[in-house]
1. Consider a paramagnetic label point 7 Å from the Cα of ASN174 along Cα→Cβ; state which residues of region 126-156 have an amide N under 19 Å from it.
2. Using the beta-carbon distance between GLU103 and GLN39 and R0 = 22 Å, what value does 1/(1 + (r/R0)^6) give for FRET efficiency, to the nearest 0.05?
3. If you take the alpha carbon radius of gyration of region 106-179 and divide it by 2.2 N^0.38 Å, what ratio comes out, to two decimals?
4. What share of the DSSP beta bridges in the chain is antiparallel, in percent to the nearest 5?
5. Taking every DSSP beta bridge that has both residues in region 106-179, what percent is antiparallel when rounded to the nearest 5?
6. Starting from the 7 Å offset along Cα-to-Cβ, what nm value, one decimal, do you get for the label separation of ALA12 and LYS67?
7. Roughly how many nanometres apart are two label points built 7 Å out from the Cα toward the Cβ at ARG25 and ASN4?
8. Tell me which of ILE37, PHE52, ILE75 sits at the most positive position along the dipole axis of the chain, charges placed on C-beta atoms (Lys, Arg +1; Asp, Glu -1).
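What follows draws every value from the coordinates through simple rules; no lab data is involved. The shown structure was predicted, so the numbers you read here are calculated from the model rather than taken from an experiment. Cβ: placed from backbone, ideal geometry, glycine included. Neighbour counts: every protein chain shown.
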Amino acid sequence: MISNISKRYARAFFEIATEEKQLERYYNELNQFASIIAQNKALNDFLANPVFEQGSKKGVVKSIIGKLQLSTMTISFLNLLVDKKRIDILHDIVICYRQLMDEVLKKVRVNIKTAFPLSSNMQDYVSSNLEKLTGRKVELFIENDPNLLGGIVIGVGDTLYDGSIKNQLNNMRNLLGEAR
């Protein structure tokens, strides 16, 4: 569950990005920084722990920023999060920002699970049909799931289209069970 605080910070930074016409750039920079924190459990724990001094946290954040090519605005925002003791919610802020950005840019993230890798022609076919269905530009995230016997499972926002053979067999089993 994403907190209202995360949403407020995301909206504030998003509004600045909108004014400066830097929506995707600022998102990419925030996401890059958040990914570094997420990949290092010790760093994540350090930044989230209130026992450690803000000065130490600010120093660590500054050294990470020094290794990245971030805009002045993103650097200021990250420093603000450290100062306000909110750096631990950065991941949630990135998620909220992404949702706001996708809404404005009319994009939708689609998660696809298949038993076997999709060919590029099949990916294009699925993408174009989903664009017609949603009326938005589609960004595909494909995962191979050997637990599926065959078919495809597509998640668009909160909607799940389950065309897997496993689901179809379960549906037939339920229908046959009801017929008894």
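1. Within reach of a label on ASN174: 148-156.
2. On the way: r = 28 Å, r/R0 = 1.26.
Once the sixth-power term is evaluated, E becomes 0.20.
3. Numbers: Rg = 13.9 Å, N = 74, 2.2 N^0.38 = 11.3 Å.
Expressed relative to 2.2 N^0.38 Å, the Cα Rg reads 1.23.
4. Numbers: 9 of 17 bridges.
So the antiparallel bridges amount to about 55 percent of the total.
5. Details: 9 of 17 bridges.
Of those bridges, close to 55 percent are antiparallel.
6. 2.8
7. 3.4
8. PHE52
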